[in-house]
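Since the structure comes first, as structure tokens, the remarks are kept for the end.
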Amino acid sequence: MAITYSWTKDLSPEELEKLFLSVNWESGNYPQKLQKAMFNSHKVNSAWDGSTLIGIINSMTDTVLTVYFQYLVVHPAYQGHGIGKKLVAAMLDTYSDIPRKILISVNEKVDFYKHCGFTHHADKAPMFVSTL
């Protein structure tokens, strides 16, 4: 498996739709919005198997104090091969000078993020106003 990584925002709605729906994420039903979201992100790092998008992570930041990692998606057929860890590590390295790095994890993935260096704060709760 020859996986390559790219810091591109040039992603088609079809590529994003296929990847996001592979993990049953509701946002995959809005591929044009996903494309715009990636374009408007501060950074986007993607993983590729040839010309197939198999993983992605994006960030939003104030560039000084806080960076938020919104999406980390790896196609199920490629999970367990270190792709997600490499995507996270690249982002953490890119934002090494920013003191606060934030993400929201589903409960099943908390241990994965702990292995990537994140900590769970029991005294803090993610809050949402969402239609997804």
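Summary of computed values
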| read-out | value |
| --- | --- |
| Residue list for segment 94-109, filter: in a helix (DSSP H, G or I) and either open to solvent by 60 Å² or more (accessible area, probe 1.4 Å) or within 22 Å of Trp25 (Cα to Cα) (or both) | Asn107, Glu108, Lys109 |
| Hits in segment 1-18 (condition: touching an Asp or Glu at 6+ places or on another chain (Cβ under 9 Å), open to solvent by 50 Å² or more (accessible area, probe 1.4 Å) and at pLDDT 95 or above) | Thr4 |
| Segment 4-25, residues that are more than 15 Å from the chain's Cα centre (by Cα) and assigned to a loop (DSSP other than H, G, I, E, B) | Asp10, Ser12 |
| Which listed residue is without any contact (Cβ under 8 Å) to a residue 60 or more places away in the chain and within 23 Å of His121 (Cα to Cα), from Ser6, Ser22, Ser41, Ser105 | Ser105 |
| Neighbours by Cβ (under 8 Å, 6+ apart or cross-chain): first from segment 111-123, over 15 Å from Arg100 (Cα atoms) and open to solvent by 60 Å² or more (accessible area, probe 1.4 Å); second assigned to a helix (DSSP H, G or I) and among the basic types (Lys, Arg) | His115/Lys85 |
| In segment 49-66, the residues that are among the small types (Gly, Ala, Ser) and surrounded by 13 or more Cβ atoms within 10 Å (Cβ to Cβ) | Gly55, Ser59 |
| Failed condition for Ser105, given (1) farther than 17 Å from Leu19 by Cβ; (2) at pLDDT 95 or above; (3) among the polar types (S, T, N, Q) | (2) |
| Leu21 touching a helix residue (DSSP H, G or I) at 6+ places or on another chain (Cβ under 9 Å) and either modelled with pLDDT of 95 or more or open to solvent by 40 Å² or more (accessible area, probe 1.4 Å) (or both) | yes |
| Residue in segment 49-62 that is touching a Lys or Arg at 6+ places or on another chain (Cβ under 9 Å) and over 27 Å from Thr131 (Cα atoms) present | yes |
| Residues (among the basic types (Lys, Arg), under 27 Å from Asp93 (Cβ atoms) and loosely packed, with under 14 Cβ neighbours inside 10 Å) located in segment 24-48 | Lys36 |
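Yes/no per residue for (1) over 15 Å from the mean Cα position of the chain (by Cα); (2) assigned to a loop (DSSP other than H, G, I, E, B):
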site: Val64; (1), (2): yes, yes
site: Leu72; (1), (2): no, no
site: Leu92; (1), (2): no, no
site: Asp111; (1), (2): yes, no
site: Asp123; (1), (2): yes, yes
site: Val129; (1), (2): yes, yes
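The values are calculated or read from the model by the stated rules, or taken from the named source; none is laboratory data. What you see is a predicted model; the values in this text were computed from it and never measured. Quick reminder, even Gly has a Cβ in these numbers, built from the backbone with ideal geometry, and neighbours come from all protein chains shown. Areas reflect the complete protein model, heavy atoms only, side chains present, ligands, DNA and RNA absent. Shrake-Rupley method; radii C 1.70, N 1.55, O 1.52, S 1.80 Å.
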